[in-house]
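The values are calculated or read from the model by the stated rules, or taken from the named source; none is laboratory data. No experiment lies behind these values; they were computed from the predicted model shown. Cβ placement follows ideal geometry from the backbone for every residue including glycine, while neighbour counts extend to all protein chains displayed.
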Amino acid sequence: MPNYDLSQFNSFLQKATDAVTCNSECQRNRTMDSLKQKFVNAQTNTQSANYQLQVAQKNYVTFSEGEGAYNDLLQQQLEEKSNLISQQFQEIFNKETTQVARQIDTYGGILINFKNIVDLYFNYKKENIKLFKKLKEQTNDVLTNERKTYYIDQQNDTLTYFYFYFLLIIYVIIVICYLLFSLMYPSNASIIKRILIFIGLILLPFLSYFILAAVIYIGYKIFELIPKNVYRQE
């Protein structure tokens, strides 16, 4: 009992001394060092635990069942580890194989799509070339036809002018001849009548358009008066 009290007293004295000689920062560092040492010891124990387990297992099996039993157990454990590793490797291999197959299928689809796009591009290119040639030919035909039409219109205008002036000259010659013949040769018509005929011949080219329009209008009205259906009752 006195030894127990003495131990408690010594422990209390030690703590009191530490409290006086080691402040709060010192206590914190001491606690941190202690925890670090425990952490290092735990790591060491973890690293050596497997070896210690193997040694303990070997000693126990060899002592209880003999060296051969331990060798059989060791071989069995190695086979189990080997099978586990093989199984894991097979699973990884199957997974990678499936992934590669999917990627190959994906790349195959992409390659097919790319090939189709390339073929479509070349087809469009060929069609565009054909359409361009066709458009060029049509454009050339249009230009050729326009040139032909222009030349034909120009020739028609030339012929129209030629006929107009030719007929005008002929008509002027006829009027002049009528005037000369009226003055040179005697006629039963009076001078006033001949003058009126001469004036009428001069005005005829200017009035011919209106005369022709009147004739056409009268003819159209007469055509309307003709019955179109003999069975129609008025």
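Observations on the structure shown:
- Residue match in region 61-71 (condition: on the phi > 0 side of the Ramachandran plot and either touching a helix residue (DSSP H, G or I) at 6+ places or on another chain (Cβ under 7 Å) or not in a helix (DSSP H, G or I) (or both)): yes
- The combined condition, being modelled with pLDDT under 75, out of contact with any Leu (no Cβ under 8 Å at 6 or more places or on another chain), of a type outside the set (D, E, K, R) and surrounded by fewer than 10 Cβ atoms within 10 Å (Cβ to Cβ), is fulfilled by Thr46.
- Meets criteria (surrounded by 10 or more Cβ atoms within 10 Å (Cβ to Cβ) and modelled with pLDDT under 85) for Leu207: yes
- The residue that is nearest to the chain's Cα centre (by Cα), counting only those in region 165-185 that are of a type in the set (Ser, Thr, Tyr) and surrounded by 12 or more Cβ atoms within 10 Å (Cβ to Cβ), is Tyr171.
- Just one of the numbered conditions (1) outside any helix (DSSP H, G or I); (2) surrounded by 10 or more Cβ atoms within 10 Å (Cβ to Cβ) is not true of Asn188: (2).
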